[in-house]
Number of protein chains: 2
Amino acid sequence: MRQSRLFGKTTKTIPRDIKAISHQLLYQGGFIRESAAGRYYFLPLGIKVRDKIIKIVEEEMNKAGAIKLITPVLHPIELWKNTQRTKSVGFELMKVKDREGNDFVLGGTAEEMIIDLVKKFNISYKDLPFNIYQFSQKFRDELRPRGGLLRVREFLMKDAYSFNLDEKDFKGEYQKMWKVYTKIFKRLGLETIVVESDNGYIGGDYCHEFVVESEVGESRFFISEDGKYAAHEDVAKFKKERKNLDEEEKRLEEVEAKRGKTMEDGVKLHRLPLWQQIKDVMFIDDKERFILAVIRGDFNVNETKLRNLIGVNNLRYADDEEIRKLGSEPGFISPVGINKKVIIVADDSLRTIKNAYGGANKKNRDLLNINIDRDYKPHFEGDIALAEEGFLSEQGSRLREGRGIEVGNIFQLGYYYSKKMNATFTDKDGKEKFYYMGCYGIGIDRTLATIIEKHHDKKGMVWPAPVAPYDVHLIEIRNQRDKTRGVAERVYNILQSLNIEVLYDDRDESAGVKFADSDLIGIPIRMVVSEKTIEKDSVEVKRRDEDKSRLIKIDEIEREMDKAIKD
Amino acid sequence: MRQSRLFGKTTKTIPRDIKAISHQLLYQGGFIRESAAGRYYFLPLGIKVRDKIIKIVEEEMNKAGAIKLITPVLHPIELWKNTQRTKSVGFELMKVKDREGNDFVLGGTAEEMIIDLVKKFNISYKDLPFNIYQFSQKFRDELRPRGGLLRVREFLMKDAYSFNLDEKDFKGEYQKMWKVYTKIFKRLGLETIVVESDNGYIGGDYCHEFVVESEVGESRFFISEDGKYAAHEDVAKFKKERKNLDEEEKRLEEVEAKRGKTMEDGVKLHRLPLWQQIKDVMFIDDKERFILAVIRGDFNVNETKLRNLIGVNNLRYADDEEIRKLGSEPGFISPVGINKKVIIVADDSLRTIKNAYGGANKKNRDLLNINIDRDYKPHFEGDIALAEEGFLSEQGSRLREGRGIEVGNIFQLGYYYSKKMNATFTDKDGKEKFYYMGCYGIGIDRTLATIIEKHHDKKGMVWPAPVAPYDVHLIEIRNQRDKTRGVAERVYNILQSLNIEVLYDDRDESAGVKFADSDLIGIPIRMVVSEKTIEKDSVEVKRRDEDKSRLIKIDEIEREMDKAIKD
């Protein structure tokens, strides 16, 4: 490709609202431009990289026995109603009506569509398992698109769906995809951490995110120092050590408590440890029910865990007035004697303490010696606690908080969709059985941005060879116009004849501009033809990720390039 | 690919509503399934073919110097308002609103988007010309989707847009794309006829459709016997021979005319030729204006030409009551003395006759010796006549009516969009000039169906090698299970090692089922391993488009396949 003919130009300007380095370099290098918020044009250099990522993902998926197909972008809304996802997805869902009044969803993920398709065939146990995937444009009406390609409203996704005989069969597939994903990201130049995560609106019992550690990422996770445990902040578990379980249960007592509303005020007043206090947080769910989360005072409530435990989609904090209307008092809420319509959800950390203290549902009154079961009975009980840096993993290794970009995810779906959509296969015994399912996603555009986040320097992008837009950036430094031009053209032809992808900077620009652009675009090998090099029948070759350059004879390009590309 | 692992199955059933042979075979062969009306799933075999078509189109576009990029699927509606296309496209346009209330169009074509993108760069005459293209999912809310992939509401399109210095520069590009398209379709196994056509809502002055002649097509066109002229019915021109121009103009005369309302009634009553009669057709446009089309009695009005001549998007026939309210009379309409608010549009055929006859805007009254200019003055005059089989081309060659499938089109856009969107480049003289543009589309999915329409027999599809889902269909006919299996696996490995794409029928099915499926799927070369062949260390090879088969030694597969694939 002659650079003079390439559509899209480099620029030194960076619009003010561009923060992430990948966004900045993609903009400056002429790889992308914004259309509307969170929607991007891919320019020729951008699409070259995207196509290479697609090819690698496709190769590895095929090797793993997955099969490519494609579904329409518009999904009949009836399918999404079948699985109640029109509700759970919320505002991210985009809908469109056709001329006949039929409603469609703009595909965000395609579980319903894929199952709809599979149901059109008589599938027997002999046909199982299978894993089918597609590359297709996805739509999510994100509240806040940001970071260029890091969080967008429209993007290309590789989404795969596995159909398995049973849980055991599925687990093999899940492990296989785990390995395939690790390999794919490695080929793309990305080291991933696999973290347990929340399934969001996808459904199913467990799932894992593939995260590339980065300060610009939005995935907060915890990883244990022994490396054996990694989980998203939303679901991270930790060891809740037993405190004073050997104490005897004392008599419940109400005392005066002229104090402020914070936990610290309680500690000061009663001179008891923070962990012995009960923390009470009042929420209201989307059915206007009051939900009281109670937890050990030294922990915080994790809303995602809370929502999952009680099975609701949305929660908001109750305000002071709403708390008073219930007959309680902000800062003095207690599960003991709370209004009967309140649903009490207890963290299991309350089993690690005895004789707790906390509010009495009245202003300036506290209770001492509160004990679970005896003094209050939770409607739900489980893990609703938020992990924090320094806590221990359940195996006792210290947790470190990390931050990263989620580039892929794998989900166990189990029978979640197949039961809702009545999707079955004929088993050996002739009976119809539900599919046991999984799904597996890779955000192609976000992956592209992530590669830059991890592979750049002060001068620009430094593409790993497998995803570089071109293999070689050939630059003509024009002193004696005719001479250098002829040699550059010859080198261009040699490289093309070797099936090497070359971007050939034949523009009428200075050496300074050409070198700066070359560093910005970040093609792995730079090859310069100048007056100086042609005197020695040579070209100057430099790797983008190294400083030293060397001369190689034009006649030896073939042999040398073979080596250089393999390095 | 092992057929036992292929997702999608063949079937003998054909749903009742499936008419077109391509639709039937794609359904039976397990290439596609319908999601909603006009929206299709592509199964693995279908996507394989589609990918091969994409690759060929991409190769040829790149060779022609066009550059790939991609725009978002959702287009900000403001862009379409700039060019007034939200009105001209009509019901085919699908719209969607995001969470912030912004309206978007689901892309049907991308002129506005591409220009929006180009405007983001400072382009000078040195950067011109360029031709940028994409493959992207397109949406058109077609009134009646039909014929499987022949007319759909959602489809993959290759759309290219050229930006040129001026008309001369553009014409070179247009000619180039004409040649490129012809070559692309040839590589895909399709002979195309290039017909002049109407630009619909795309805009511009002229355009051509690439049509593959076929009874199931919706494009009606005329082609002259000398092959020098081909045009879509909507725009086809023909020779309007001079009739009685040597007559003197006689005095206009109103006579009694107790007759029916048809043209034939007029001929019978006055005993004058049909061509001498004036045909009057009253329309109402979308601004409720009355439009009277007048034409020589032996011709019919072409509504597309009429709309284009007067520049309106929609026309409907006036009903009897509306005609009477105007002070005229159905069957007796005349441009002479018609209500002044009527816009008269005359076909240029009225210049080929003198002393015409026709109605007098009163029941049972006719006028004789009507002459244009003297008796009525048209507001618009031009070619609004419908071509018919047997008419002569302007060069005098007989027109034949043809029918075909429009697989591609090329459009001159000129300054249509660049002026509306104020898109300019800096010319040599430092002045800003509007781009002279063209656009070029290929419907990938319809092309796929068209290939089948042209390449099938009673038994199924007969894929041209370049677009076949696989190169070889390897079939194991299992008599002595262990023996044939081992040899088949060996042949499968040999073929794969030669980079030949093989579909290997390893299923537990009878020879009859396997052969029938193989003919249905239509892979170019069938290779059979059976008890009979293994006795001779051979496989039986047969081309899908031939009846005879032959044995070749397994050791000679490499050499033979090289030959077979090249044939």
> What pairs come up if the first residue lies in the stretch A:151-177 and is within 28 Å of residue A:122 (Cβ to Cβ) and open to solvent by less than 50 Å² (accessible area, probe 1.4 Å), the second is acidic (Asp, Glu) and in a helix (DSSP H, G or I), and their beta carbons are under 7 Å apart, counting only those six or more places apart or on different chains?
Replying inline: A:161/A:111; A:162/A:173; A:164/A:173
> How do the helices (runs of 4 or more DSSP H) wholly within the stretch B:30-141 filter down when requiring 1 or more residues that are of a type outside the set (Phe, Trp, Tyr), at the interface with chain A (Cβ under 7 Å from one of its Cβ atoms) and in contact with a strand residue (DSSP E or B) (Cβ under 7 Å, 6 or more places away or on another chain): which remain?
Replying inline: B:44-63, B:111-118
>> Would you confirm whether or not the stretch A:309-321 contains a residue that is more than 30 Å from the chain's Cα centre (by Cα), surrounded by 19 or more Cβ atoms within 10 Å (Cβ to Cβ) and at pLDDT 95 or above?
In response: yes
> Is one or more of the residues making up the stretch A:211-219 within 14 Å of chain B (Cβ to nearest Cβ) and either under 30 Å from residue A:272 (Cα atoms) or not hydrophobic (A, V, I, L, M, F, W, C) (or both)?
Replying inline: no
>> Restricting to the stretch B:351-379, name every residue that is open to solvent by 30 Å² or more (accessible area, probe 1.4 Å) and either without any contact (Cβ under 8 Å) to a residue 12 or more places away in the chain or touching a His at 6+ places or on another chain (Cβ under 8 Å) (or both).
In response: B:368, B:373
> Given the residues A:238, A:155, which is the only one that is within 30 Å of residue A:33 (Cβ to Cβ) and of a type in the set (A, V, I, L, M, F, W, C)?
Replying inline: A:155
>> Condition first: open to solvent by 40 Å² or more (accessible area, probe 1.4 Å), over 12 Å from residue B:495 (Cβ atoms) and either touching a His at 6+ places or on another chain (Cβ under 9 Å) or without any contact (Cβ under 8 Å) to a residue 24 or more places away in the chain (or both). Can you find one or more residues in the stretch B:520-528 that meet it?
In response: no
> Going by the conditions given, is residue B:92 surrounded by fewer than 17 Cβ atoms within 10 Å (Cβ to Cβ), among the acidic types (Asp, Glu) and either at pLDDT 95 or above or more than 23 Å from residue B:140 (Cα to Cα) (or both)?
Replying inline: no
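Which of the strands (runs of 3 or more DSSP E) contained wholly in the stretch B:420-459 include at least 2 residues that are open to solvent by less than 10 Å² (accessible area, probe 1.4 Å)?
Ranges flagged: B:436-443.
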> Residues B:217, B:260: which one is surrounded by fewer than 17 Cβ atoms within 10 Å (Cβ to Cβ) and either assigned to a loop (DSSP other than H, G, I, E, B) or among the aliphatic types (A, V, I, L, M) (or both)?
Replying inline: B:260
> Considering B:265, B:280, which residue is open to solvent by 30 Å² or more (accessible area, probe 1.4 Å) and in contact with a Leu (Cβ under 9 Å, 6 or more places away or on another chain)?
Replying inline: B:280
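For the stretch B:370-391, what are the residues that are touching a strand residue (DSSP E or B) at 6+ places or on another chain (Cβ under 6 Å) and either closer than 17 Å to residue B:275 by Cβ or not in a strand (DSSP E or B) (or both)?
B:370, B:378, B:379, B:384, B:385, B:387, B:389, B:391
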> Just checking, how many residues over the stretch A:405-419 are open to solvent by less than 10 Å² (accessible area, probe 1.4 Å) and in a helix (DSSP H, G or I)?
Replying inline: 2
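Take the conditions farther than 30 Å from residue A:287 by Cα, in contact with a Gly (Cβ under 7 Å, 6 or more places away or on another chain), at pLDDT 95 or above and facing chain B (nearest Cβ under 10 Å) and apply them to residue A:6. Does it pass?
no
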>> Quick check on this structure: which one of B:248, B:209, B:254, B:173 is assigned to a loop (DSSP other than H, G, I, E, B) and out of contact with any helix residue (DSSP H, G or I) (no Cβ under 9 Å at 6 or more places or on another chain)?
In response: B:248
>> Looking at the stretch B:460-484 only, could you name the residues that are under 27 Å from residue B:186 (Cβ atoms) and outside any helix (DSSP H, G or I)?
In response: B:460, B:461, B:462, B:463, B:464, B:468, B:469, B:470, B:471, B:472, B:473
>> Can you pull out every residue in the stretch B:461-517 that is in contact (Cβ under 8 Å) with a residue 24 or more places away in the chain, open to solvent by 30 Å² or more (accessible area, probe 1.4 Å) and among the charged types (D, E, K, R)?
In response: B:471, B:478, B:483, B:490, B:501, B:507, B:508
>> Looking at residue B:382 and the list (1) among the small types (Gly, Ala, Ser); (2) within 15 Å of residue B:234 (Cβ to Cβ); (3) open to solvent by 20 Å² or more (accessible area, probe 1.4 Å), which single condition is not satisfied?
In response: (3)
> Does the stretch B:277-304 hold any residues that are in contact with a Lys or Arg (Cβ under 9 Å, 6 or more places away or on another chain) and basic (Lys, Arg), and which are they?
Replying inline: B:279, B:289, B:296
> If you scan the stretch A:111-127, which residues turn out to be open to solvent by less than 10 Å² (accessible area, probe 1.4 Å) and in contact with a Leu (Cβ under 9 Å, 6 or more places away or on another chain)?
Replying inline: A:111, A:112, A:113, A:114, A:115, A:117
> Would you say residue A:400 is surrounded by fewer than 24 Cβ atoms within 10 Å (Cβ to Cβ), at pLDDT 95 or above, in contact with a Phe, Trp or Tyr (Cβ under 8 Å, 6 or more places away or on another chain) and not in a helix (DSSP H, G or I)?
Replying inline: yes
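Which of the residues that make up the stretch B:339-350 are over 33 Å from the mean Cα position of the chain (by Cα) and either more than 19 Å from residue B:315 (Cβ to Cβ) or open to solvent by 20 Å² or more (accessible area, probe 1.4 Å) (or both)?
Of the stretch B:339-350, the ones over 33 Å from the mean Cα position of the chain (by Cα) are B:339-342.
Once the filter is applied, which keeps residues that are over 33 Å from the mean Cα position of the chain (by Cα) and either more than 19 Å from residue B:315 (Cβ to Cβ) or open to solvent by 20 Å² or more (accessible area, probe 1.4 Å) (or both), the stretch B:339-350 yields B:339, B:340, B:341.
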> Just checking, how many residues over the stretch A:1-29 are assigned to a helix (DSSP H, G or I) and of a type in the set (Gly, Ala, Ser)?
Replying inline: 2
>> So for the stretch A:268-279 (the condition being under 17 Å from residue A:365 (Cβ atoms) and either free of Cβ contacts under 8 Å to residues at least 60 places away in the same chain or under 30 Å from the mean Cα position of the chain (by Cα) (or both)), does at least one residue qualify?
In response: yes
>> If residue A:207 meets every condition in (1) at pLDDT 95 or above; (2) crowded, with 22+ Cβ neighbours inside 10 Å apart from one, which number is that one?
In response: (1)
> Among the listed residues A:279, A:287, which satisfies the condition of being among the basic types (Lys, Arg), assigned to a loop (DSSP other than H, G, I, E, B) and either at pLDDT below 95 or in contact with a helix residue (DSSP H, G or I) (Cβ under 8 Å, 6 or more places away or on another chain) (or both)?
Replying inline: A:287
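The values are calculated or read from the model by the stated rules, or taken from the named source; none is laboratory data. Quick caveat, the model's predicted, so the values are computed rather than measured. With ideal geometry, Cβ positions are generated from the backbone for all residues, glycine too; neighbour counts draw on all protein chains shown. Note: areas computed on protein heavy atoms with side chains; ligands, DNA, RNA excluded. Shrake-Rupley method; radii C 1.70, N 1.55, O 1.52, S 1.80 Å.
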